[in-house]
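Since every read-out is calculated from the coordinates, none of them should be taken as a lab result. Predicted model, so just to flag it, every value in this text is computed and none were measured. Note that we place each Cβ from the backbone using ideal geometry, even for glycine, and neighbour counts take in every protein chain shown.
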Amino acid sequence: MTATVRRLDGADLVLAAEELAALLVDTVAGGASIGFLAPLDTVEALAWWRERAEGADAGHLAVWAAYTGDRVIGTVSLAFPDKPNSRHRAELVKLMVHRDARGKGLGRALLTTAEQAALAAGITLLHLDTETDSPAEHLYGTAGWTRAGVIPDYAADPAGILRPTTLYYKHLTRG
């Protein structure tokens, strides 16, 4: 699949909010546990993305979107801590690929984009959490992320059922 991945600033996020909201709704409808319950209302998804614009402009959040034409088919973000003792790390958040685009390497491309951008920004440690036994675990495991442990009953899946989450981290190095 040929997709163009680009970083979005706050204005870009607002302009792409409808496409990003459609992706978020599709991802939740597909069963991904990314912080929302099903059915996710498009208006709620749109508002959530628009609320990210300020953080993107302030440098607290970096967002990339994968496009085919004008359609957003994937996204990934990095959340940067604001405390002085944690400026060497970032959290990988909201890696999403539209159900129509899965299984074609886009998730790995987005993950690589975020990892390379983090390293270029001086980040040496990334961390994330993902639902235990989800398809995402395979991606992180094969991309060199280290499994740190499991927290039971961490978050509700889109159906509202409490599920465990697995914590991962990755040390970034040049080369």
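Here's how it looks for His98: its modeled amide H is under 5 Å from those of Gly74, which are all 5 or more places away or on a different chain. Less than 5 angstrom separates the built amide H of Thr132 from those of Thr165, Thr166, all sequence-distant by 5 or more or on a different chain. Calculated on the alpha-carbon coordinates, the convex hull of the range 21-175 measures out at 124 cubic angstrom per residue.
From helices alone, the chain scores -10500 deg cm²/dmol at 222 nm; the rule is -39500 (n - 2.57) for each run of n ≥ 4 DSSP H residues, then divide by the residue total. When the charge dipole of the chain is built from unit charges on Cβ atoms (+1 for Lys and Arg, -1 for Asp and Glu) and taken about the Cα centre, the candidate among Leu172, Phe36, Ala66 whose Cα reaches farthest toward its positive end is Leu172. For the range 96-175, what class follows from the C-alpha gyration tensor (a ≥ b ≥ c being the square roots of its eigenvalues): rounded when a/c is under 1.5, otherwise prolate if a/b is larger than b/c, else oblate? Oblate is the answer for the range 96-175, as a/c is 1.5 or above yet b/c matches or exceeds a/b.
Computed from phi, the 3J(HN,Hα) profile of the range 141-157 under the Karplus parametrisation 6.51, -1.76, 1.60 (θ = phi - 60°) reads x, 7, 9, x, 7, 9, 6, 9, x, 10, 10, x, 6, 6, 8, 7, 6 Hz, with x in place of Gly and Pro. Taking the charge dipole of the chain about its Cα centre, with +1 at Lys and Arg Cβ atoms and -1 at Asp and Glu Cβ atoms, the residue from Leu15, His138, Trp49 reaching farthest to the positive side is His138. If you run the Gaussian network model on the chain, springs between alpha carbon atoms under 10 Å, then out of Pro152, Pro84, Pro164 the most flexible one is Pro84. Backbone geometry of the range 84-96 corresponds, through the Karplus equation with coefficients 6.51, -1.76 and 1.60 at θ = phi - 60°, to 3J(HN,Hα) couplings of x, 7, 10, 6, 8, 10, 8, 9, 7, 9, 6, 6, 9 Hz, x marking Gly and Pro. Computed from phi, the 3J(HN,Hα) profile of the range 128-135 under the Karplus parametrisation 6.51, -1.76, 1.60 (θ = phi - 60°) reads 7, 10, 8, 4, 4, 6, 7, x Hz, with x in place of Gly and Pro. Let me test this: with uniform point scatterers at the alpha carbons of the range 44-83, what is the Debye-based log₁₀ I(q)/I(0) at q = 0.22, 0.26 1/Å? Evaluating at q = 0.22, 0.26 Å⁻¹ gives log10 I(q)/I(0) of -0.79, -0.97.
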